[in-house]
Ligand SMILES: Cc1cc2nc3c(=O)[nH]c(=O)nc-3n(C[C@H](O)[C@H](O)[C@H](O)COP(=O)(O)O)c2cc1C
């Protein structure tokens, strides 16, 4: 069933720069609702290769104090250190979406990373659709192993997929240029194929004395999953969509 308001939201959604966000921020209950929506994200094999760390004002202030040391160690320039500090120091609420790789023979790690990115977008969109301003940020510190393990206590293979800053918007940014979908999409705007499969054959060239070969239909057979117990979605998913 068509959901016009969802389509309208998706067609017009726009992040609000974190530095323009202010109080109030979602309360605990409202945030739980947003996280519940975010966790409803495609996840091959139901591995849940992600988790959340809620960063309230106190926790953000703590992170702010860790940046100077990390910046010096990494030889970051003063401007980038200041920007990273402000990302935490000026914020009231952010959620760190943490990528948590899970062992799996079936689901390659890259698919688990995609899922963590999808969680970030779902959380961002849930916040925006609820009327909050929100912004998905990373920053150099989020890619530094040592900082992640000391400041955020991440496990050795965990990574920050994103910091989703959430608050009250103080100003709406202008629209940013959006991609030219035709330019990035193969076939959507392609000209008609040179070989028109529906054109009538030129029968003047056919020698009726020579028997025509039987047509070969090259249609792959549908691939059915193994036993239902192996399916991600339980017994009804004999024909897997994953
Ligand atoms: C993984 C990821 C990390 C990002 N990190 C930053 C960042 O550190 N700083 C920044 O200004 N924008 C960053 N962005 C860009 C913004 O989140 C966002 O793409 C931009 O504001 C436009 O968003 P919109 O399409 O919702 O309007 C990041 C985006 C992604 C996907």
Normalised by the number of residues in region 22-114, what is the relative contact order in percent for Cα pairs under 8 Å and 6+ residues apart?
-> 41
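How do the peptides 26-39, 90-103 rank, highest first, by the average count of neighbouring beta carbon atoms within 10 Å per residue?
Top of the packing list down: 90-103, 26-39.
Hey, could you get me the Stokes-Einstein D for region 14-169, Kirkwood radius over alpha-carbon pairs, 4 °C and 1.567 mPa s, rounded to whole µm² s⁻¹? Write out the running numbers ahead of the final one.
Numbers: Rh = 15.9 Å.
In µm²/s, the coefficient rounds to 82.
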Sorted largest first, extent of region 59-146 alpha carbons per principal axis (Å) = 43, 36, 20
How large are Rg and Dmax for region 92-143 when only the alpha carbon atoms are used, in Å?
-> 13.2, 41
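Could you grab the relative contact order for region 14-169? Cα pairs under 8 Å, six or more apart, rounded to a whole percent.
Normalised by residue count, the contact order of region 14-169 is 37 percent.
Read-outs throughout are calculated quantities, based only on the coordinates presented, and are distinct from any laboratory measurement. Computed from a predicted model, the values in this text were never measured in an experiment. Heads up, the Cβs are rebuilt from the backbone with ideal geometry, glycines too, and the neighbour counts pull from every protein chain shown.
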